[in-house]
Amino acid sequence: MSKYLLSLIFILLSCTLLTQQIVYSNEQVDISVDLLSNNESMNVAACPEVCVVSPVYIDCENDPVQLDGTCSSGGIVNIEWSAINGGNILSGINTLTPTVDAEGEYILSITSSDGCVESDTVNVSNDLDVLTLAAILPYSQGLSDIWGWTDANGNEYALVGTISGVSIVDVTDPFNPVEVQFISIPDLGSTWWDLKTCGDYAYFITEDPTPPGLNIIDLSNLPASAPVTTTQLGIGYTDSHNIFIDENCIGYLFGATTTSVGNGTVIIDIGANPLDPVYLGIYNTNYVHDGFVQGDTLYTGEIYAGQLAVVDVSDPSNPIVLGSIQTPFNFAHQVWVSPDNTTAFVLDEKANAVVAVYDVTNPSNIILLDTWNDGIPDVVMHNAFYVDGGFLTVSHYTSGITILDVSEPDIVVPVGTYDTSPNFIGGGFSGQWGNYPYFPSGTLVASDRQEGLYVFNTTYIPASYLEGCITDDCTGLPLTDVQIDLLGATNEEVNFNITTGCYKLGIAECGNYDVNITAPGYDSQTINVDLNTDEFTILDVIMIRDGGCCNADAGDLIPPDGVSVPVSFCLGEDMAAFLNDYTNVFETNPGTDYSYSYIIGNNDNIVESSINGDFDWSNLPVGVYNIYGFSYWNFNTNTDITNYIAGISTITEIQNEISILNICANIDSLYANNGVATVEITALPQANAGLDETICEGESVQLNASGGV
């Protein structure tokens, strides 16, 4: 028997003995041993950690995008990507960052130095959710406002206001939020908490004045500890409604109460001594509910004054108001401003109110650019924050959070939403209080008063846009009454300028759409377009009139043969030639579907009209009169030409309506070939130039009515 066979028998016998049960006294002990588990490191290969950032957004044009597997680790000796569902790998198939050009799933397979193969899959799509729920952390008490902080190692913490204190939650792993500290101060409790950070410190306030002071949390030793100090700022500060800290660590306590400097917006220097801020000044022109500061400019939500104000705070001891504007619902609750100080976003805290977007480039002339709300009846918006790239994260009570693309401030487009309040609908103040979108990872956290802390992964996907101008096919002038609709879409936003006839349309999803354009009196048009992410597609449309072009022809009307202008006759006389039917004599073709009328004008005033030119001149007083021919398109309005003229008092009114295309018509002087034609009625006998007789010396003279167009 060989020594190898003897060794095998010995091993088998040992295994049998080790798995047998041994009895000591009355106790039975199982001492079975798994030999493989004791030698796992010798027999099982060490496998790599495979990690792919997922999902990945690709636009509808399938412009190339790069995948990211650089978070993978562990003795990698071979990398290989493969595509399923029709994807195409353009380059980098054996790297951690390949480039692909189509929707689909892509698999990353990594082989370690021990020969172990692991894989992970990434989904590439142009139909991704902007907000993806990662986790919910419930609380046994109500929540209020929320902020966030990131330490030097990249660990991310949500700072959550609750009724009894501040909950500090580690959200570095968004799928596994963990409360690491809870900060409470004896006897301090409030429905209203607000928090902001400067460096390694968080500053939180409430509207509870007992105990008084600004509370400061030292975050530098998280997660182990978070000690708190309190200061009254040397001015007897007790409480405030809100707090903002700017990029220079200057703090603003809105709705503050003090015992020595009065009440208002208290301005403090935090940066010089974070644990002992210094009082700088106060703004108290109006009560400020919330605000935003950038550089030397304070933007205020003056809720009871119902306005946004812009204030110069370069000298905190002497704030100067630069301008203000009433907000749409006169209850300005919160304001946030774009990084370039050009655009302000204001929320009125009322049911059915809007996000109002303002151009604040010139504070003395603030301009409203657009408004938006989610269209859900009675919902109240609360807080909103601007995210680089042109997005606004808006918290609503009862209907959750909405992400808006505000990169084009005059056309606000919702691109994502998530309802954190499934048990509440409509009005009221239950539901989401606020959100914090500034973690470097892109994680967004939101506080729902009843449901708890929501943690989201975000993919900020820009909107797709369509723009152009709508004009009349006959004149080329802009149309002012136009409806534009993306067929099959329910969430497009359209801004139409009634002065220029131009529009902007935005929608969250790129893709192929049919655009329907309608205007009263014009043939509707449906045009197919491709809309792509973060791009403007240009669509100018020429609208065709129902009855064809505005081809009204008032004609070159000429006087009767042998008659020179002006025509004169005596007061009280009639001029028989004007009793003829001029419609046939002077105007034989006013245009298809057009009717014709004659107008007597005295200066600019319309004196009389007639569809056949029969005027009784004998009833008119002394004066000089012009005669006009007026052709009128019968499809203009629901009235005929006689009723239309009856509602007009001057020739200028008709000409203005023609110029802005309220009507399709034409109007000319009667004797257009001879300048301004006039008929003069005089009280004295006059010879009628061009005739052998004088009108007033005897009977009226019958003029020769022959003539032509």
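The values are calculated or read from the model by the stated rules, or taken from the named source; none is laboratory data. Keep in mind the model is a prediction, meaning the values are calculated, not measured. Cβ: placed from backbone, ideal geometry, glycine included. Neighbour counts: every protein chain shown. Only protein heavy atoms, including side chains, enter the accessible area calculation; ligands, DNA and RNA are left aside. Shrake-Rupley method; radii C 1.70, N 1.55, O 1.52, S 1.80 Å.
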Yes/no for N457 being part of a loop (DSSP other than H, G, I, E, B) and either open to solvent by 10 Å² or more (accessible area, probe 1.4 Å) or in contact (Cβ under 8 Å) with a residue 24 or more places away in the chain (or both): no
Scope the range 105-119; condition within 26 Å of C60 (Cα to Cα) and buried (at least 18 other Cβ atoms within 10 Å of the Cβ); matching residues: Y106, L108
Selection status of F385, under 28 Å from N155 (Cα atoms), open to solvent by less than 50 Å² (accessible area, probe 1.4 Å) and in a strand (DSSP E or B): yes
Qualifying positions in the range 321-353 - open to solvent by less than 10 Å² (accessible area, probe 1.4 Å) and either among the acidic types (D, E) or in a loop (DSSP other than H, G, I, E, B) (or both): T327, S338, D348, A353
Output for the range 136-147, where each listed residue is assigned to a strand (DSSP E or B) and either more than 16 Å from Q432 (Cα to Cα) or open to solvent by 40 Å² or more (accessible area, probe 1.4 Å) (or both): I136
Residue check, Y465 assigned to a strand (DSSP E or B), among the aromatic types (F, W, Y), more than 24 Å from D290 (Cα to Cα) and open to solvent by less than 30 Å² (accessible area, probe 1.4 Å): yes
Residue match in the range 260-278 (condition: under 24 Å from V406 (Cβ atoms) and surrounded by fewer than 21 Cβ atoms within 10 Å (Cβ to Cβ)): no
Selection status of V624, over 17 Å from N666 (Cα atoms), surrounded by 13 or more Cβ atoms within 10 Å (Cβ to Cβ) and modelled with pLDDT of 75 or more: yes
Residue tally, condition farther than 22 Å from V293 by Cβ, of a type in the set (A, V, I, L, M) and surrounded by 18 or more Cβ atoms within 10 Å (Cβ to Cβ), over the range 362-382: 2
Conditions (1) farther than 25 Å from S441 by Cβ; (2) in contact with a strand residue (DSSP E or B) (Cβ under 8 Å, 6 or more places away or on another chain); (3) among the charged types (D, E, K, R); number of the one not met by E118: (1)
Selection within the range 460-477 - of a type in the set (S, T, Y) and at pLDDT below 95: T471, T475
Among the candidates L90, L133, residue that is open to solvent by 40 Å² or more (accessible area, probe 1.4 Å) and more than 28 Å from the chain's Cα centre (by Cα): L90
Hits in the range 161-171 - residues which are free of Cβ contacts under 8 Å to residues at least 40 places away in the same chain and either open to solvent by 50 Å² or more (accessible area, probe 1.4 Å) or part of a loop (DSSP other than H, G, I, E, B) (or both): I163, S164, G165
Members of the range 85-98 that are part of a strand (DSSP E or B) and modelled with pLDDT under 90: none
Verdict on G488 being more than 30 Å from V166 (Cβ to Cβ), out of contact with any Asp or Glu (no Cβ under 9 Å at 6 or more places or on another chain) and of a type in the set (G, A, S): no
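Results for (1) touching a strand residue (DSSP E or B) at 6+ places or on another chain (Cβ under 8 Å); (2) farther than 26 Å from P462 by Cβ; (3) modelled with pLDDT of 90 or more, shown as yes or no for each residue.
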| position | (1), (2), (3) |
| --- | --- |
| F10 | no, yes, no |
| S14 | no, yes, no |
| E40 | no, yes, no |
| V56 | yes, no, yes |
| L67 | yes, no, yes |
| E80 | yes, yes, yes |
